[in-house]
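To start, the structure under review is shown below, and the notes come after it.
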Amino acid sequence: MEKTFLMIKPDGVQRSLVGEITSRFEKKGFKLAAAKLMVIPNELAEKHYGEHKERPFFGELVEFITSGPVFAMVWEGEDVIATARLMMGATNPKDAAPGTIRGEYGVIVGKNIIHGSDSPESAEREIGLFFDENEIVNYQKDQ
Ligand code: CMP
């Protein structure tokens, strides 16, 4: 079954949105396979956002994502990668549809509440960066 990496960013944790956001994915019918609250070390942040290294906002991005705890998760389910991104809404909260996570709770692009893998390749890479294999829990759950 498909897996994705989702991460509630420091702004989402600060604003007490962990329960609200995880609840949306649970109610949708996806299966939580791993989760942890953590402060991301600089080196991990730079690896995670490696594809944005040349962007002018890279420094800001790394500084923000390491500024406080994040809630890192692995979710599992049919088409979970694309569906989670639909549920998150557009990257820039100004463009995110009402009802989506960013549409409901965000205002600025640098503080857009949640990160989600954008492809099977990035999901595999990001899950591997944040979780050891023995942290991914395998159990039965009906959809
Ligand atoms: P995310 O999905 O985590 O992936 C890359 C992040 O870069 C993105 O969410 C935004 O939070 C951030 N980002 C994109 N554009 C900008 C920008 N112009 N300024 C600051 N951060 C940005």
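Please treat every number below as a calculation from the coordinates, not as lab data. Remember, predicted model here, so these are calculated numbers, not experimental data. Don't worry about glycine lacking a Cβ; one is built from the backbone with ideal geometry, like all the others, and counts go over all protein chains shown.
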In Hz, Karplus ³J(HN,Hα) per residue of region 79-90 (6.51, -1.76, 1.60; θ = phi - 60°; x = Gly, Pro):
6, 5, 5, 5, 5, 4, 5, 5, 5, 6, x, 4
Relative to the present Cα-Cα distance, how much length would full extension add between GLU51 and GLU121 at 0.36 nm per residue of separation?
23.9 nm
If you filter region 36-116 for GluC sites (Glu not before Pro), then keep DSSP loop positions with at most 12 other Cβ within 10 Å, what is left?
GLU54, GLU78
Exceeding 18 Å between C-alpha atoms, which entries from my cross-link table qualify? They are LYS3/LYS31; LYS3/LYS111; LYS28/LYS94.
LYS3/LYS111; LYS28/LYS94
Mind checking region 3-92 for trypsin sites (Lys or Arg not before Pro) that DSSP puts in a loop (not H, G, I, E or B) and that have at most 16 other Cβ atoms within 10 Å?
ARG15, LYS53
